[in-house]
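Report on one structure; see the data block that follows.
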Amino acid sequence: MYLCPADKEDDETECMTTVDFERLVDLETNNLKRECVNQIIELIKPYSSEETYENAKNKILAITRKDGTVPANFMLDLSLELQEMAPEYKEIIVQLINRIVAIPEMLDKPEISSQLEPLFLTAYNARKETGICSLAESNDIDYMWNKYAKDYSGYCIEYDVSDYEYNIGILPVIYQDERETNIIMQLVGSFIGQMITGFSNGQIQADSSHFIRLFLTKYKKWEYQKEWRLIGKANDKMKAPKIKAIYLGKNINNINKQKMVEYAEKRKIDIIQLD
């Protein structure tokens, strides 16, 4: 299973990163942007009912200023609403809000820039250092056969990943109208607690795994691929899962067909000729 560097994928925007603090904080007032606050609400959504989630969203809309920002003291008031959304996670919510509110003050500290630099560099280099093995959840996608199997003259391998030792690293791609490339927002969604804790302790771990969501989103124009991805280190060749079946394209030539049949028979693998 070859893990192709992300920057070699067929999507030219694959795993691109940008840095935009102004999506997080209004640099003039140090107020949080509503987009940032919405990210927080999204983090809590899985633990709440749809009704309480909508109530919290409406509360944010109500406390948002005309310039699209939410003052820190308003955020502290919102903490009570969020606790009602998920009362069993009350302590976590309080800590989360306190850390979010502390972000503008932290960003004003001159020593923070030296800590952010390696973090941003890690995100930027992730395109070259992270490898992707692309898989599909279906064997009958015309475009895939045409583009990647030379107009149905190749073959498709179906893997059995039920007991695959690396199956925890096989994840579905999410297709969106707009891809999130701003690593600032990735910080909010992925490890904001560690970010603030790291700043407080004078250190922060720069680990590309924090940006995994960058490697699992693609534009909707690629949705037909129904892609899943095995993610790891670029250029690695990982042990493959057990082969469940091999599908031969309808235009495969007789020589290649015979070779594949012999291969499959020796290993007791099902082989299927497409019509």
Check segment 225-245 and report whether any residue there is of a type in the set (S, T, N, Q) and under 19 Å from TYR148 (Cβ atoms). yes
Of (1) within 24 Å of ASP140 (Cα to Cα); (2) of a type outside the set (Lys, Arg); (3) modelled with pLDDT under 90, HIS210 satisfies every one except (1)
If we ask which residues in segment 239-270 are farther than 16 Å from SER138 by Cα and in contact with an Asp or Glu (Cβ under 9 Å, 6 or more places away or on another chain), their number turns out to be 7
Selection from segment 118-139 of residues at pLDDT below 90 and either touching a Ser or Thr at 6+ places or on another chain (Cβ under 9 Å) or farther than 22 Å from PHE215 by Cβ (or both) yields PHE120, THR122, ALA123, TYR124, ASN125, ALA126, ARG127, GLU129, THR130
Taking segment 158-173 and keeping only residues that are in a loop (DSSP other than H, G, I, E, B) and surrounded by 14 or more Cβ atoms within 10 Å (Cβ to Cβ), one is left with VAL161, TYR164, TYR166, VAL173
Query raised in the report: Out of curiosity, is ILE204 hydrophobic (A, V, I, L, M, F, W, C), at pLDDT below 75, part of a loop (DSSP other than H, G, I, E, B) and buried (at least 18 other Cβ atoms within 10 Å of the Cβ)?
Result: yes
Worksheet entry | Hey, TYR155 of a type outside the set (A, V, I, L, M, F, W, C), touching a residue at least 24 places away in the same chain (Cβ under 8 Å), crowded, with 16+ Cβ neighbours inside 10 Å and touching a Gly at 6+ places or on another chain (Cβ under 9 Å) or not | yes
- Quick check: is even one residue across segment 54-71 modelled with pLDDT of 70 or more, among the β-branched types (Val, Ile, Thr) and assigned to a helix (DSSP H, G or I)? yes
Filtering segment 141-179 down to residues that are farther than 14 Å from GLU223 by Cα and more than 25 Å from the chain's Cα centre (by Cα) yields TRP145, ASN146, LYS147, ALA149, LYS150, ASP151, TYR152, SER153, GLY154, TYR155, CYS156, ILE157
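The values are calculated or read from the model by the stated rules, or taken from the named source; none is laboratory data. Fair warning: this is a prediction, and the values are worked out from it, not measured in the lab. Cβ coordinates were reconstructed from backbone atoms using ideal geometry, including for glycine residues, and neighbour counts include every protein chain displayed.
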